[in-house]
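Novice: Here you go, one structure.
The values are calculated or read from the model by the stated rules, or taken from the named source; none is laboratory data. Source: prediction; values computed, not measured. Neighbour counts run over all protein chains shown; Cβ positions are idealised from the backbone, glycine included.
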Amino acid sequence: MTESTAILKTLGKRIATLRKQQGMNQEEFADVSGKMINTISNIERGLSDPKLTTLLSLAQALNVSVDMLFNDTEQQPIDELPENVQAIVKLIKNQDNHTLRVIQKQIEALLELTKF
């Protein structure tokens, strides 16, 4: 197996894992991402070398950054987080990037105030 083939297989598995964590089947994911189901299937099986624009669409549909598609480090499941953190995550989960940046700056400002 070549290095590029291994990367595509790892990428495909990661996308499939993220999709399942979002509770979507391939058909739903195809609808949300604006891609054909056979495209999703081929990517998840490591048979397709997706273009950057495709990766951007998939990342957006999964509410993650493109680099998270390549990051295979295990994240703590949301249901293992404290209840107040779960509530915050649920509130901000589907916000656009601009809103998330505003929220981040507000949280940073509030945390700065607690240092005194």
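Novice: Please state which of the following conditions residue 88 fails to meet, knowing it meets all the rest: (1) assigned to a helix (DSSP H, G or I); (2) at pLDDT 90 or above; (3) aliphatic (A, V, I, L, M).
Specialist: Residue 88 satisfies every listed condition except (2).
Novice: If you go through the stretch 51-65 one residue at a time, do you hit one that is more than 16 Å from the chain's Cα centre (by Cα) and within 27 Å of residue 3 (Cβ to Cβ)?
Specialist: Looking through the stretch 51-65, at least one residue is more than 16 Å from the chain's Cα centre (by Cα) and within 27 Å of residue 3 (Cβ to Cβ).
Novice: Take the residues in the stretch 28-47 that are in a helix (DSSP H, G or I) and not hydrophobic (A, V, I, L, M, F, W, C), then tell me which one is nearest to residue 71 (Cα to Cα).
Specialist: 44
Novice: Which members of the stretch 1-27 meet the condition of being assigned to a loop (DSSP other than H, G, I, E, B) and over 14 Å from residue 39 (Cα atoms)?
Specialist: If the condition is that a residue be assigned to a loop (DSSP other than H, G, I, E, B) and over 14 Å from residue 39 (Cα atoms), then 1, 2, 22, 23, 24 are the ones that fit.
Novice: Looking for whichever is more than 16 Å from the chain's Cα centre (by Cα), touching a residue at least 40 places away in the same chain (Cβ under 8 Å), surrounded by 11 or more Cβ atoms within 10 Å (Cβ to Cβ) and on the phi < 0 side of the Ramachandran plot here; the options are 8, 18. Which one fits?
Specialist: Just a single option satisfies the conditions, and that option is 8.
Novice: Further, regarding this structure: Would you point out the residue of the stretch 48-83, among those that are assigned to a loop (DSSP other than H, G, I, E, B), among the charged types (D, E, K, R) and surrounded by fewer than 10 Cβ atoms within 10 Å (Cβ to Cβ), that is modelled with the lowest pLDDT?
Specialist: Only one residue fits best here, namely 74.
Novice: How many residues are modelled with pLDDT of 95 or more, of a type in the set (S, T, N, Q) and over 30 Å from residue 99 (Cβ atoms) when one looks only at the stretch 6-47?
Specialist: 3
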